[in-house]
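Q: Okay, here's the structure, questions in a sec.
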Amino acid sequence: LEGAIDEYAAGTEIAAPFRAGLRELGRLSGQLGTALAGVALADDFTPGPEETLERVRRAYDVSSNLLVRFSADTICESEALARELRARFTAPDTGIGGRLSYKRLRGTHVTPNTPDLRAGVGADAGPAAAQALDAAVAELDAL
């Protein structure tokens, strides 16, 4: 990514500090990808999906809920969670009543944890800046 940013920025009117910031972003995103390469996602969260669903079945008492699913999220468990919440709300013996809102948004599993790289970049930044930002966003989305 760092080389792509230099290539996009070469010969453009992008201000030097902005160009330097894009280079740093490229360097950091490369380091982040390398650091995350060995992380086992299945072991990162406790309780795991099955235990979470069991806890919902047994004792979940929050009556107003919002679940968000991102369009390119391949590990999302929100559909199974929505089924369990609906069952919890309507079961004859344990039904607590309640409301469930289910939203689908553009993005990936890490979208809620990543900054909006395009925020604050005006149209005057030019096409090279837009290409560099698109490359950075694509690399972050691939994580």
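Q: Provide the solvent-accessible area of R86, counting protein heavy atoms only and rolling a 1.4 Å probe, rounded to the nearest 10 Å².
A: My reading of the accessible area for R86 is about 120 Å².
Q: Determine the sum of side-chain charges near Y102: Lys and Arg each +1, Asp and Glu each -1, restricted to other residues whose C-beta is under 9 angstrom from that of Y102.
A: Here the charged neighbours net out to +2.
Q: Probe 1.4 Å, all protein chains in place: accessible area of T52 in Å², nearest 10?
A: About 50 Å², rounded to the nearest 10.
Q: Still on this model: Could you check the simple spin-label distance between L28 and S78, using points 7 Å along Cα→Cβ, in nm with one decimal?
A: Output for this residue pair reads 2.7 nm.
Q: How many percent of the accessible area of the range 58-117 is carbon or sulfur, using a 1.4 Å probe?
A: 52 percent
The values are calculated or read from the model by the stated rules, or taken from the named source; none is laboratory data. All figures in this text were calculated on a predicted structure; none of them were measured in a lab. Every residue, glycine as well, gets a Cβ built from its backbone with ideal geometry; the counts of neighbours run over all protein chains shown. Just the protein is used for accessible areas: all its heavy atoms, side chains included, with ligands, DNA and RNA removed. Shrake-Rupley method; radii C 1.70, N 1.55, O 1.52, S 1.80 Å.
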